[in-house]
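Trainee: Dropping the structure in here first, questions after.
The values are calculated or read from the model by the stated rules, or taken from the named source; none is laboratory data. What you see is a predicted model, and the numbers here were worked out from it, not measured in a lab. Every residue, glycine as well, gets a Cβ built from its backbone with ideal geometry; the counts of neighbours run over all protein chains shown.
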Amino acid sequence: MSPDQPDLMARQKTVPERNFSWGRWLLIAAGWIVLLMLTILTLRQDMPTATTLIDRRNPQIGPRDAPVTIVEFGDYGCSSCRIWAGAGMRQQLLDKYGSKVRFVWADFPVITLESPKAAEAGRCAYDQDKFWQYQDYLYNHYQGLQIAYLKYYAGRIGLDQAIFDQCLDSGAKEAEVNLDFRDAMIRSLGATPTFLINDKVEIIGMASLEKFASVIDPILAGAH
């Protein structure tokens, strides 16, 4: 363990039975179903799009007018996300398609209790123009998502430690993270990573370059 690495190991009814008639039970169930459907319809009216994510301050690579936009909904506590990133898949996509693709990151912190704060850490790094460096370092040198580690990763890539720590401790990025989380819930996403291509096609899990190509190539062919 390096001298400045955090030593996290040192810190350490019974329901009464009720009788309902079948008629009353069915009436209650129907009421809940109607309420649920109304809620879903209300949320769907404000369905976010890939363009909306581009217009927000989400980390992204590539030209805004690229014919293909890939949005990754990911979680730093997701082992599949780490494996996919560790294989260099994002860079392979960018190398293959160049300016024809724009890659956007969206936070969907659902895997661990520490995931939301880790998502905020990424946004704090983004403020210092080192989001992708921070994400790559976290994935490639993963030791945990406790706050001490999140700050340790920042120091290892040369971020201004005081500014980063203040950003993370203040919760200044919580609203940005929650906005992405809301988008994922409205879309009923159920796994990380989930990739949206042009806001239409969902690719779930550690997809290969060939899998992405099977979706992207027809889009590019149709754009000509």
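Residue-by-condition table, conditions (1) crowded, with 17+ Cβ neighbours inside 10 Å; (2) at pLDDT 95 or above; (3) under 13 Å from the mean Cα position of the chain (by Cα):
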residue: Phe164; (1), (2), (3): yes, yes, no
residue: Leu168; (1), (2), (3): yes, yes, no
residue: Lys173; (1), (2), (3): yes, yes, no
residue: Ile186; (1), (2), (3): no, no, no
residue: Asp199; (1), (2), (3): no, no, no
residue: Ile204; (1), (2), (3): no, no, yes
residue: Ser208; (1), (2), (3): no, no, no
residue: Asp217; (1), (2), (3): no, yes, no
residue: His224; (1), (2), (3): no, no, no
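Trainee: A further question follows. Between a first residue in the range 93-111 that is closer than 21 Å to Ala175 by Cβ and a second residue that is of a type in the set (Val, Ile, Thr) and crowded, with 21+ Cβ neighbours inside 10 Å, which pairs have beta carbons less than 6 Å apart while being 6 or more apart in sequence or on different chains?
Mentor: Hits for this filter: Val104/Val71; Ala106/Val71; Asp107/Val177; Phe108/Thr192.
Trainee: Has the range 109-131 got any residue that is in a helix (DSSP H, G or I), of a type in the set (S, T, N, Q) and more than 19 Å from the chain's Cα centre (by Cα)? Spell out the reasoning first.
Mentor: To start, the set of residues in the range 109-131 that are in a helix (DSSP H, G or I) comprises 115-127, 131.
Cutting the leftovers down to of a type in the set (S, T, N, Q) gives us 115.
The next check asks that each one be more than 19 Å from the chain's Cα centre (by Cα); those that pass are none.
There is no residue in the range 109-131 that is in a helix (DSSP H, G or I), of a type in the set (S, T, N, Q) and more than 19 Å from the chain's Cα centre (by Cα).
Trainee: Which ones in the range 145-163 are in a loop (DSSP other than H, G, I, E, B) and more than 22 Å from Met89 (Cβ to Cβ)?
Mentor: Initial filter on the range 145-163 (in a loop (DSSP other than H, G, I, E, B)): 145-146, 157-160.
Hits for the range 145-163 are Gln146, Gly158, Leu159, Asp160.
This table checks each residue for (1) in a loop (DSSP other than H, G, I, E, B); (2) under 19 Å from Leu94 (Cβ atoms); (3) among the basic types (Lys, Arg).
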site	(1), (2), (3)
Tyr139	no, yes, no
Gln143	yes, no, no
Ala172	yes, no, no
Asn178	no, no, no
Leu196	no, yes, no
Asp199	yes, no, no
Ala207	yes, yes, no
Ile216	no, yes, no
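Trainee: Can you say whether Gln60 is at pLDDT 90 or above, of a type in the set (S, T, N, Q) and farther than 19 Å from Lys200 by Cα, as far as the supplied structure shows?
Mentor: Numbers: at pLDDT 90 or above: yes; of a type in the set (S, T, N, Q): yes; farther than 19 Å from Lys200 by Cα: no.
It is false that Gln60 is at pLDDT 90 or above, of a type in the set (S, T, N, Q) and farther than 19 Å from Lys200 by Cα.
Trainee: Now for a separate question. Touching a Leu at 6+ places or on another chain (Cβ under 6 Å) and outside any helix (DSSP H, G or I), is that true of Val104? Step through it out loud before you land on a result.
Mentor: Details: touching a Leu at 6+ places or on another chain (Cβ under 6 Å): yes; outside any helix (DSSP H, G or I): yes.
It is true that Val104 is touching a Leu at 6+ places or on another chain (Cβ under 6 Å) and outside any helix (DSSP H, G or I).
Trainee: Restricting to the range 77-123, name every residue that is hydrophobic (A, V, I, L, M, F, W, C), in contact with a Gly (Cβ under 9 Å, 6 or more places away or on another chain) and surrounded by fewer than 21 Cβ atoms within 10 Å (Cβ to Cβ).
Mentor: Leu94, Val104, Val110, Ile111, Leu113 - these are the residues of the range 77-123 that are hydrophobic (A, V, I, L, M, F, W, C), in contact with a Gly (Cβ under 9 Å, 6 or more places away or on another chain) and surrounded by fewer than 21 Cβ atoms within 10 Å (Cβ to Cβ).
Trainee: OK, next. Out of all the residues in the range 61-86, which are of a type in the set (Ser, Thr, Tyr) and farther than 18 Å from Asp183 by Cα?
Mentor: Going residue by residue through the range 61-86, those that are of a type in the set (Ser, Thr, Tyr) are 69, 76, 79-80.
Of everything in the range 61-86, those that are of a type in the set (Ser, Thr, Tyr) and farther than 18 Å from Asp183 by Cα turn out to be Ser79, Ser80.
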